[in-house]
Each structure stands twice: as C-alpha cells, then as structure tokens.
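Since the structure comes first, as structure tokens, the remarks are kept for the end.
The values are calculated or read from the model by the stated rules, or taken from the named source; none is laboratory data. The shown structure was predicted, so the numbers you read here are calculated from the model rather than taken from an experiment. Neighbour counts run over all protein chains shown; Cβ positions are idealised from the backbone, glycine included.
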Amino acid sequence: MNPTNPSVRPTPVALYACIHDATDPFTVMRSLHETATDHGWKVAASLYDTGPLTRPPARRLAWRTVTELLAARKVHGVVTPDSHHVDLATLTAHGAFAEYRTLTPLVRHPHHYRTTLPADPALVREARHTIRARLAEWHVSEDTAQTAELILSELLTNAVIHTTGPDITVEVSHPRHDEVLVAVTDHSPTHPSAAPSPHPARDEHGRGLHLIEALATSWGTTPAHDGAGKTVWARIPAPS
C-alpha cells in the first residue's frame, strides 16, 4: 500500500491491535490512525481486542471482524503495531499488507483511571464525583471537566439501563493536553445509535446520545473481546 495519489481513491484499511491491560487503548489506536493518515489511507474500521497476545487470533472477536472485512473486500490492508498482533497467514491469504509501526508510548499513560462498578443506578452520582476528582488532579479545566462528567453520566446511565451483566467498567484518560477520553464498558452487545428516534419526546436514551454527539469531538463503540458486550467511548476537547 503506497501513499495515495490525489487522483486515486484512498486505500481502505482497518486498524487493529490486541491490547494488554497494561496499555492505554486510546493511545495505541490513535497512533495507528496517525500512521494510516500519514500514508494517505482511509480508515474504514478501528478495532481492538484486549488480553495477551498469546490468545489465538481465532478466539479474538475484533480480529475475526477484521478477517470478515478482508474477505468482503471492504478493507485492503491492516495497520497494526507489529506482526505479533495479527495472523500473518490470514493477511497473506487475502493479499493484504500489514503496516507495522512501533508505537510510543506503549505503556499506560499516567493520566489514566479505570474502575469497575456494580450496575446500580445509585452509583452514577458516585462515579461522576470520582471522575471529577481525577480530572482536577490532572489540572483539566473546569469547563472540560463538566463536559466529561456530563458525557460520562449519559454513557453510564445508558449502560446501567441496557447491560445484561452485573457490573460496568468506567475509564477516563488525559493522554494529550488537548483532549480527555471517557469510556464505559457493559455486557450488552447492542450498539447505540444517535439516529433520530420516531418518538423523541419519550426517548431519553436517544436525546442523551445526541448530546454526546454535540459535545464530543468524536464517539463510537467497540465490541468487547469476549463478544458479550461493548465499549462506548467519547473524545472531549480540552483546550488549554
């Protein structure tokens, strides 16, 4: 995959990594995105699994999705940290080229907080206060902290409503001086959508997602590595 000529349609690629608990997924995936952008490729999918690289690729949900995209010719290549993250035989079979990049840093960013809470509506307020305290420690501006707290509240409330499991994981990180990242992982495989509801007056869930779309730089979902849930994340601008 060569850098794209302006007159040629950009090569569609998938970003993929298998991320261990000791790393920050936002940092890894952002680095992969920057690599694709530098080469002039179009990012058609951004996927990652969590857990050790020793887990067989066939047992990784996100990697199976990548192989399906390759088979359907929806992507023509994969951007990944290094060859250990992917199944080279699969890439060769589909004629795809894996662009390897050493990502820096690969360790968890010091401004990263993660906690797992029971799926209890009463804990939403507690989670908001905890995250606000962390952002204050990281010297994030009051306006940004309020936005992050509001978005987290919407994500967490939706997760509590829809999850089919006993707990929910909340993450917040400040990997760059100009953004804050929040994410909520639950056990529901249903991915939210900000598409207009046919009954907007009664659809609090839909209104919450429209609010996130308005306040965040970007947001999206990633399937959980075990296929039993998903992570909903949002990037929030954090101007100096």
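Okay, here's what the table says:
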{"item": "Residue that is surrounded by the most Cβ atoms within 10 Å (Cβ to Cβ) [pool: residues in the range 38-86 that are β-branched (V, I, T) and free of Cβ contacts under 8 Å to residues at least 40 places away in the same chain]", "result": "T67"}
{"item": "Subset of the range 57-96 (residues that are within 14 Å of L15 (Cβ to Cβ), under 19 Å from the mean Cα position of the chain (by Cα) and assigned to a helix (DSSP H, G or I))", "result": "A62, W63, T65, V66, L69, H85"}
{"item": "Residues (at pLDDT 85 or above and among the small types (G, A, S)) located in the range 34-57", "result": "A44, A45, S46"}
